[in-house]
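One structure below.
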Amino acid sequence: MSRLYEALQKSEKERREAGIIAPDPATSVKLEERAKTQARTAHESRLANLEIPVESRMVALTEPFGLGAEKFRILVTRLENLREKQKDLKSLQVTSGVIGEGKTLVAGNLAVTLAKCSRSKVLLIEGDLHNPKLAAAFGLNQLQGIRDWWSATKHDINHSLYQLQDLSLWFLPAGGTYEQPSDILQSPRFAEAFAQFSRQFDWIIVDSTPMVPTVDVNLWSRLVDGTLLVVREGVASVKALKKGLASLDHAKLVGVVFNETSDSDHGAAYDKYYVRSKNGDNSESENGNPEVSA
């Protein structure tokens, strides 16, 4: 912005010397304000409708008429119905017992489906700062995000939001790995930013960390309204799941997604999952096609 400010100042000086305009004692302030406005406009223009590459692994985008996309539409319907009962349900973290259970793909597809089907204004946060994979799952790379905002103390976090295509979906990337995410997640500065997001968006979906072995999922649980747990058969033991849930100060578990795909699998394999309600009820049809309940 300093170069833009200097260019405007030089132009203003040349116009004064040419007698086009009279000197104004408030010119410097006006120029700085104009520079900020132009810089902000340029930034918003650059980020608007960020195209998602065709190699994106989000079935809600790449296979909108497939079985996987339909399952996410059912999941969205259940969450919307749940919110009618729990008015304060606006933000969810998507976690898993351990790595490799598909939480990142579930979080991304859920956010896309919410934006497409519910017409809500949705924010998707890449909340795993230890090992961020969400941007790559969308086919996006080298985006500035949380890490950059944290490093620049005067930076507005809204400048790190990216609108995806023509969807009512905004993305806050991690911006790269960060060695001590707890420094960010426990800070009043981030808590204030998250509260600001809660006022701006109808839904906030956080791709959180697995419950084991990191503690970040517990820090996220203090910020969000609920937790959605992704479980893949044969990956996390029951003991690990119980240990992870017991470690959360505010679990606020809204459901469990049973998923047959992992983050390393390709996105088409969303053939079987369902959500188990908090009271433990679940259902699955005899032919293997799951039903979703929340």
Under 8 Å by Cβ, and 6 or more places apart or on different chains, what pairs join a residue from segment 246-269 that is under 20 Å from Gln93 (Cα atoms) and modelled with pLDDT of 75 or more with one that is open to solvent by 30 Å² or more (accessible area, probe 1.4 Å) and in a strand (DSSP E or B)? Gly255/Arg276; Val256/Arg276; Phe258/Arg276
Filter result (of a type outside the set (S, T, N, Q) and surrounded by fewer than 23 Cβ atoms within 10 Å (Cβ to Cβ)) within segment 194-222: Phe194, Ala195, Phe197, Arg199, Phe201, Asp202, Val212, Pro213, Val215, Asp216, Leu219, Arg222
Reported set for segment 234-245 where residues are open to solvent by 10 Å² or more (accessible area, probe 1.4 Å) and touching a residue at least 60 places away in the same chain (Cβ under 8 Å) is Val235, Ala236, Ser237, Ala240, Leu241
Given the structure, is Ala191 surrounded by 21 or more Cβ atoms within 10 Å (Cβ to Cβ), farther than 19 Å from Val112 by Cβ and over 15 Å from the mean Cα position of the chain (by Cα)? no
Got a number for residues in segment 138-151 being of a type outside the set (S, T, N, Q), more than 13 Å from the chain's Cα centre (by Cα) and closer than 15 Å to Asp183 by Cα? 4
Is one or more of the residues making up segment 223-233 more than 20 Å from Leu75 (Cβ to Cβ) and touching a residue at least 40 places away in the same chain (Cβ under 8 Å)? yes
Inside segment 67-98, can you point out the residues that are assigned to a loop (DSSP other than H, G, I, E, B) and surrounded by fewer than 20 Cβ atoms within 10 Å (Cβ to Cβ)? Gln86, Lys87, Asp88, Leu89, Lys90, Val98
Of the conditions (1) over 14 Å from the mean Cα position of the chain (by Cα); (2) of a type in the set (Lys, Arg); (3) closer than 26 Å to Met211 by Cβ, Lys154 fails just one. Which one is it? (3)
Can you pull out every residue in segment 58-96 that is closer than 20 Å to Val231 by Cβ and of a type in the set (D, E, K, R)? Lys71, Arg78
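So is Tyr273 part of a loop (DSSP other than H, G, I, E, B) and modelled with pLDDT of 90 or more or not?
no
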Ala115 vs (1) part of a helix (DSSP H, G or I); (2) hydrophobic (A, V, I, L, M, F, W, C); (3) open to solvent by 70 Å² or more (accessible area, probe 1.4 Å): all pass except (3)
Looking only at segment 134-155, how many residues end up being touching a strand residue (DSSP E or B) at 6+ places or on another chain (Cβ under 8 Å) and either at pLDDT below 90 or assigned to a loop (DSSP other than H, G, I, E, B) (or both)? 4
Across (1) outside any helix (DSSP H, G or I); (2) touching a Gly at 6+ places or on another chain (Cβ under 9 Å), Asn109 clears everything bar (1)
Would you be able to say whether some residue in segment 160-174 is over 16 Å from the mean Cα position of the chain (by Cα) and of a type outside the set (Val, Ile, Thr)? yes
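The values are calculated or read from the model by the stated rules, or taken from the named source; none is laboratory data. Worth saying up front: this structure is predicted, and the values here are computed from it rather than measured. Using ideal geometry, Cβ is built from the backbone for each residue, glycine included, and neighbour counts are taken over all protein chains shown. Accessible surface areas use protein heavy atoms only, side chains included; no ligands, DNA or RNA. Shrake-Rupley method; radii C 1.70, N 1.55, O 1.52, S 1.80 Å.
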